[in-house]
Amino acid sequence: MTVHDKFLALGTHFGKVYLLDIQGNVTQKFEISSVKINQISLDESGDHVGICSEDGKVQVFGLYTREGFHENLDYPIKVVALHPQFSKSNNKQFVTGGNKLLLYERNWLNRWKTSVLHEGEGNITNVKWTANLIAWANNVGVKIYDICSKQRITNVLRDNTSLRPDMYPCSLCWKDNTTLIIGWGSSVKICVVKERDPTQMRDLPSRYVEIVSAFETEFFISGLAPLADQLVTLYYVKESSEHVEEEFRTRPRLDIIQPLAEGCEEISSDALTVRNFQENQCRDYRLEHSEGESLFYIISPKDIVVAKERDQDDHIDWLLEKKKYEEALMAAEISFKNIKRHDVQKIGMAYINHLVERGDYDAAARKCQKVLGKNMDLWENEVYRFKTIGQLKAISQYLPRGDLRLRPAIYEMILHEFLKTDYEGFATLIREWPGELYNNMAIVQAVNEHLKKDPTNSMLLTTLAELYTYDQRYDRALEIYLKLRHKDVYQLIHKHNLFSSIKDKIVLLMDFDKEKAVDMLLDNEDKISMDKVVEELKDRPELLHVYLHKLFKRDHHKGQKYHERQISLYAEFDRPNLLPFLRESMHCPLEKALEICQQRHFVEETVFLLSRMGNCRHALQMIMEELADVDKAIEFAKEQDDRELWEDLISYSIDKPPFITGLLNNIGTHVDPILLIHRIKEGMEIPNLRDSLVKILQDYNLQILLREGCKKILVADSLSLLQRMHRTQKRGVRVDEENICESCHTPILPSDTAQAFGVVVFHCRHMFHKECLPSPGNLPGIQYCNICSAKRRGPGSGILEMKK
């Protein structure tokens with residue numbers, strides 16, 4: 001069977017073709033053959049039909065005209081396909097397939113010309129034609145032929161070669177003019193025909209095929225059809241039983257699947273009841289579709305089943321009958337344009353009543369948002385119903401709170417209910433609900449009444465602070481937050497600019513959270529001055545240190561007048577940061593810092609201060625005597641880069657073998673190691689001496705290599721520059737009428753160039769008449785520029801002499 005938007009064309013096993021209307025009524029009948037009709041093809045207009053049969057008959061004729069083609073071949077013709085635009089005079093083409101694929105074309109003399117498109121791979125089992133592309137299947141695979149370029153552009157091989165192609169035929173379907181869907185056995189492939197890049201053509205066809213999706217299905221495919229971006233598939237199903245060893249055939253299935261890149265997702269599935277399904281094979285089913293009406297026709301040997309999209313109203317009624325209210329409501333909302341609003345609410349109210357009867361109060365309250373919408377009367381009715389059944393809490397979180405809202409009394413009633421039984425729920429509602437929904441003072445009064453019974457309840461106090469905030473009584477809210485040490489105190493101060501209220505509460509804020517308090521104070525220095533903060537914290541030095549430390553990290557100069565005080569604070573509370581402070585501060589008194597560090601015996605800090613004050617020898621002595629750290633002493637000597645310090649270090653280390661080892665390992669690149677080695681006493685045992693000497697030699701060798709490398713680079717650069725200078729000096733110098741002699745100041749070229757003349761041009765670009773130059777000096781053949789020699793800029797590197 002084949003389908004057109006106007007009618008259906010059905011071929012029978014006994015050679016007859018019937019034309020049916022969409023309701024299945026016979027409108028025409030054709031006696032084609034005495035054996036089975038293999039395939040029927042219609043053009044897009046529905047004016048022409050092509051028919052082929054098992055006895056080799058091929059007929060192509062107009063349903064409303066007398067024109068036609070009739071031929072009897074001596075072999076079965078399995079397939080036929082008309083050009084989609086066959087009704088047009090320049091598209092009189094069709095193909096037939098038996099053991100080969102033939103293209104029939106009518107020429108301008110009204111004669112039919114035949115050409116072979118393909119043969120040699122068994123019977124052609126299916127063919128589909130769209131626009132200029134013909135797709136056909138044989139025993140090997142699926143091919144696509146381009147009528148315009150007269151080229152075959154692809155060959156998609158069959159996957160499961162164990163299945164007989166006559167029992168499990170290939171299903172082909174063009175989704176559009178470039179997308180071909182192939183179903184064969186249990187395999188599905190979606191192929192897209194694309195234009196090839198002209199730069200990559202060479203001898204290749206102008207088009208190629210890309211398989212964009214390929215996957216396996218659970219059952220065997222009898223037919224395929226597109227449905228938007230999904231596929232409708234007709235499955236032939238065989239199942240096994242525990243009691244019967246052989247597989248038995250079940251009802252065919254019509255599924256909707258969603259193709260994915262490497263698989264598919266089943267959307268829906270229906271088992272179809274057709275007569276004698278137990279005896280049918282995969283090849284006995286076909287699936288055809290009508291694009292205009294979205295109708296799908298399942299053809300079996302005894303039945304034709306029509307499938308169409310379910311009517312939405314029927315679907316909703318069925319869902320309500322089955323008490324699937326959620327799905328019914330969703331379906332009604334999807335088709336809202338076709339359903340009245342009160343009908344949607346009717347469905348929704350039935351659903352809410354069902355949930356309440358079932359005791360699922362939270363779900364019922366949640367659905368009120370969707371169902372009741374902007375109908376405030378319905379909302380109030382539902383609130384009072386939930387109060388009657390003692391479930392005000394369930395509906396509280398779903399009440400309207402935007403532009404459309406209920407009367408304040410409704411919200412207050414719910415808040416009082418929570419305040420009686422659930423402080424936490426009450427606090428949540430206060431946080432979530434805008435203060436404009438209810439009378440704030442009435443709720444504040446109710447909270448204060450409860451606090452008389454439980455004055456230390458932190459949750460009620462926090463909620464009261466929030467209510468004061470809504471009422472813009474920020475000072476009262478701040479007192480409560482500070483009393484509770486609540487984390488929102490800083491947010492409240494920032495949001496409502498309460499810095500004037502906290503000038504005498506700085507210690508409280510820092511006791512609560514030092515880091516946040518200091519960041520807030522430093523960020524708002526224009527509102528609370530640095531001097532005010534220091535004054536408030538003078539009796540709490542540990543807090544003062546935290547504040548001044550962060551101030552110093554932000555700006556090394558802003559708090560410079562407190563740097564002297566900070567030395568003691570760092571020494572007392574934060575020694576690890578004392579040395580970085582001394583290094584970075586340009587304003588702390590060094591003598592005071594040295595006195596404090598010496599009193600507390602802070603060696604590293606004392607060493608730094610001594611070196612900064614210029615007493616490097618004393619600093620080095622402390623490192624060696626107090627710290628006994630040769631590595632640190634060597635590092636200190638390297639930083640100072642003072643030969644006398646190296647002498648002191650060597651003198652101190654000469655009787656200490658571990659120190660000598662350290663010097664030998666590190667002195668090589670700063671001081672001649674011979675100075676140290678000569679001063680080592682004979683017989684002194686020095687740990688790891690051999691390794692140290694080897695390192696000295698390696699360091700020396702490295703220095704030699706570096707010098708040689710630098711020398712090679714220097715020589716190469718000098719040669720390159722010399723060659724460049726030579727090339728530059730070899731270039732010609734332009735001499736024209738505008739140039740003058742630097743001696744006589746007349747034009748360098750004579751007015752009559754036919755006369756002999758001589759010109760000398762130096763590389764400094766000064767020019768002279770030859771007769772204007774003085775005679776050369778003691779060195780014959782060498783001439784110097786008088787001007788450059790007089791200015792002590794050196795002579796020109798040579799001369800160019802021009803004679804004529």
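The values are calculated or read from the model by the stated rules, or taken from the named source; none is laboratory data. Quick caveat, the model's predicted, so the values are computed rather than measured. All Cβ positions, glycine included, derive from the backbone under ideal geometry; neighbour counts span all protein chains shown. Remember, those area values only see protein heavy atoms, side chains included, never the ligands or the DNA or RNA. Shrake-Rupley method; radii C 1.70, N 1.55, O 1.52, S 1.80 Å.
What are the equivalent ellipsoid semi-axes of region 2-50, built from the alpha-carbon gyration tensor (square roots of five times its eigenvalues), in whole angstrom, biggest first?
Here the semi-axes work out to 18, 12, 8 Å.
Would you please name the trypsin sites (Lys or Arg not before Pro) within region 194-274 that are DSSP coil residues with at most 13 other C-beta atoms within 10 Å of their C-beta?
Those satisfying the criteria are 202.
Would you mind working out the accessible area per residue for the chain, using a 1.4 Å probe, and quoting it in Å²?
Per-residue accessible area for the chain comes out at 55 Å².
Using +1 at the Cβ of each Lys and Arg and -1 at the Cβ of each Asp and Glu in the chain, identify which of 297, 369, 576 lies farthest towards the dipole's positive end.
My answer, from the dipole projection, is 297.
What do you reckon, how do 428, 606 stack up by accessible area (1.4 Å probe), largest on top?
Descending accessible area places them as 428, 606.
If I ignore ligands, DNA and RNA and count only protein heavy atoms, how much of residue 235 is accessible to a 1.4 Å probe, in Å² to the nearest 10?
About 10 Å², ignoring ligands and nucleic acids.
Suppose every Lys and Arg Cβ carries +1 and every Asp and Glu Cβ carries -1, with no other charges. What dipole size does region 364-510 come out with about its Cα centre, to the nearest 20 debye?
Its charge dipole is roughly 260 debye.
So what is the relative contact order for region 735-791, in percent, with contacts set as C-alpha pairs under 8 Å and at least six apart?
Relative CO of region 735-791 lands at 26 percent.
Where the accessible area of the chain is counted over protein heavy atoms with a 1.4 Å probe, how much of it, in %, is carbon and sulfur?
48 percent
How big is the dipole moment of the chain about its Cα centre under a simple scheme where the beta carbon of each Lys and Arg is +1, that of each Asp and Glu is -1, and everything else is neutral? Debye, nearest 20, please.
The dipole magnitude comes to about 2380 debye.
Taking each pair of distinct Cα atoms in region 416-483 once, what is the resulting Kirkwood hydrodynamic radius in Å?
Averaging 1/r across every pair of different Cα atoms and inverting gives 11.9 Å.
May I ask you to evaluate 6.51 cos²θ - 1.76 cosθ + 1.60, the Karplus curve with θ = phi - 60°, for each residue of region 606-616 and list the ³J(HN,Hα) values in order in whole Hz, giving x for glycine and proline?
Along region 606-616, the couplings run 5, 4, 4, 5, 4, 5, 5, 8, x, 8, 5 Hz.
In vacuo Debye scattering of region 735-791, one point per C-alpha: log10 I(q)/I(0) at q = 0.18 Å⁻¹?
Taking Cα atoms of region 735-791 as identical point scatterers yields -0.62.
Could you give the dipole magnitude of region 85-151 about its Cα centre, charging the beta-carbon of Lys and Arg +1 and that of Asp and Glu -1, in debye to the nearest 20?
300 debye
Using the Cα atoms of the chain to build a convex hull, what is its mean projected area in square nanometres?
Its Cα hull, projected and averaged over all orientations, spans 82.3 nm².
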